[in-house]
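For reference, the structure is listed below as structure tokens.
The values are calculated or read from the model by the stated rules, or taken from the named source; none is laboratory data. Only a predicted model underlies this, so the values are computations on that prediction, with no experimental measurement involved. Methodologically, a virtual Cβ is constructed for each residue, glycine included, from the backbone with ideal geometry; neighbour enumeration extends over all protein chains shown. All accessible areas refer to the heavy atoms of the entire protein, side chains included, with ligands and DNA or RNA removed. Shrake-Rupley method; radii C 1.70, N 1.55, O 1.52, S 1.80 Å.
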Amino acid sequence: MKITSVTAKPVSYRVPEGQNVTLGIGRAVKRDAVLVKVETDEGIVGWGEAHHGRCPGAVAKLIDTTIRELVVGMNALEVVAVWQRVHKMQLASHGMGTAAAMALSGLDIALWDIRGKAAGWPLYRLLGGAARPVKAYAGGISLGWQQSPQQLAEEAQSYVARGYRALKLRCGDTPARDVARVRTVRDAVGADIDILVDANTNYSLDDFRRVVPAFEECMIGWLEEPFTPHDYRLYRDAATRTTIPLAAGENHYTRFEFTRLIEDGAVRIAQPDASKAGGVTELMRIAAMCSAWKIPFDPHTSATAINIAASIHMLAAVDNPGYFEADVARHNPFRDHLGGTADRLDENGCVRPPEGPGLGLDIDEAFVDAHPLIDGPCYV
Ligand SMILES: [Mg+2]
């Protein structure tokens, strides 16, 4: 089965006025993704999602002008060979770095969608998994700083009322305000809800030292990305100062960067993103590496149903699943209207992988075409 075309479809939507969530990377004003459509000579079409990298036009251009030329004509079912070729020609040599990893990720997810459709199997089964429940937390673009601690607590309670048993607060603001947020939410939701905290790389070691006693007292489940991803020394130092597990990985690319993250021993929760770190092929490798070190696999999810579905399928297939990150943003048409719902929550706060072949989605191309790229920053 030959790959006959690879096409990037960068898509955007504006966050409605009044729903702008503020977090450590800014105030969300629009959301972007780069969808990747792969066609084959047997008529099977696959869809993937490449992360936008805050510059979706550039990621799309790379796919349309360079990645496509590398892989058209290759066997669509040979995901390892395709991965290897793009990695060697565009990532390991001659640059484009993380943009190439994002582009490769979108391509690889689309090829796994094709493999599943060719076999007539859902992705989780192809990966050796089962349609088992995967515990989910309320996360994504939500629970931000733009509101008072009391309003934040009300938002948190609304997710608990929907069935979530875990949720993720955005911190990385001032230590005092972050501590007030976490304390207020803990008081509101009680001891049984797992509260996770994400600083989006905004802390200094001094900030970290100031928040940790209160975060420990509030029994938070993890502290995510206190520092920028390559501050490995800071992570090692911080890990010696707290019992809270540190989480990171959404800004680490390929198993080669995860090797360092794992071997340093500071990060106890690994969060690779299928749309960034190398697609399904690479995330399964990263999950296996983590398994050997007894580190849970908690994939970071991106904007659309494609990444959401891929993440749930993988969580249903690995032997070290952590949480599925549900994007509980009030308005996310890419989650809801792209071609099926992958993240329906059950009464125990869990999701299950879709049952259709491949990713289990039926992508609505008219919807895709109706959401063309909007240039400009997604966070301000
Ligand atoms: Mg994060």
For this session: Calculate how many DSSP beta bridges within the stretch 124-351 are antiparallel, expressed in % of all such bridges and rounded to the nearest 5.
Result: 10 percent
Exercise. Using a 1.4 Å probe on the protein chains only, how many percent of the accessible area of the stretch 21-90 belongs to carbon and sulfur?
Worked result: 52 percent
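Mean separation of Cα pairs under 8 Å and 6+ residues apart, divided by the residue count of the stretch 3-120: what relative contact order is that in percent?
Rounded, it is 31 percent for the stretch 3-120.
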Exercise. With all protein chains present and a 1.4 Å probe, how do 264, 319 order by accessible area, largest first?
Worked result: 319, 264
For this session: Taking only protein heavy atoms into account and a 1.4 Å probe, give the accessible area per residue of the stretch 124-351 in Å².
Result: 35 Å²
Exercise. What is the helix-to-structure angle for 279-292, meaning the angle in degrees between its Cα long axis and the longest Cα principal axis of the chain, kept from 0 to 90 and rounded to the nearest 10?
Worked result: 50 degrees
Seminar exercise, completed: Here FRET efficiency (C-beta to C-beta, residue 341 to residue 243, R₀ 51 Å, nearest 0.05) is 0.85
For this session: Please check which bits of the stretch 80-105 a label hung off residue 256 would reach, taking the label as a point 7 Å along Cα-to-C-beta and the cut-off as backbone N under 17 Å.
Result: 81-105
Exercise. Accessible area of residue 66, 1.4 Å probe, to the nearest 10 Å²?
Worked result: 50 Å²
Seminar exercise, completed: Using alpha carbon positions and the Kirkwood radius, the Rg to Rh ratio of the chain is 0.95
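Looking at the chain, which longest stretch skips every one of the GluC sites (Glu not before Pro) that is in a DSSP loop with at most 16 other Cβ atoms within 10 Å, leaving the sites themselves out?
It works out to 79-346.
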For this session: Using a Förster distance of 51 angstrom, determine the FRET efficiency expected from the C-beta separation of residue 65 and residue 19, and round it to 0.05.
Result: 0.90
For this session: Would you mind checking the tilt of helix 97-119 against the longest principal axis of the Cα atoms of the chain, expressed as 0 to 90 degrees and rounded to 10?
Result: 60 degrees
Exercise. Per-residue accessible area for residue 336 at 1.4 Å probe radius, Å² rounded to 10?
Worked result: 60 Å²
Exercise. Heavy-atom accessible area per residue, the stretch 3-120, 1.4 Å probe: how many Å²?
Worked result: 37 Å²
Exercise. Which whole-number percentage describes the relative contact order of the chain, with Cα contacts under 8 Å and a sequence gap of 6 or more?
Worked result: 22 percent
For this session: Please report how far the C-alpha centroid of the stretch 327-380 lies from that of the stretch 9-87, rounded to the nearest whole angstrom.
Result: 14 Å
Exercise. Using only Cα atoms, what Kirkwood radius does the stretch 124-351 have, in angstroms?
Worked result: 17.6 Å
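Which order do you get for 240, 40 if you rank them by accessible area with a 1.4 Å probe, largest at the top?
Most to least solvent-accessible, the answer reads 240, 40.
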Problem set entry | Antiparallel %, DSSP beta bridges [both residues in the chain], to 5 | 55 percent
Exercise. For the residue pair residue 88 and residue 294, what label-to-label distance in nm results when each label sits 7 Å from Cα along the Cα-to-beta-carbon direction?
Worked result: 3.9 nm
Exercise. Carbon and sulfur atoms: what percent of the 1.4 Å accessible area of the stretch 124-351 do they account for?
Worked result: 48 percent
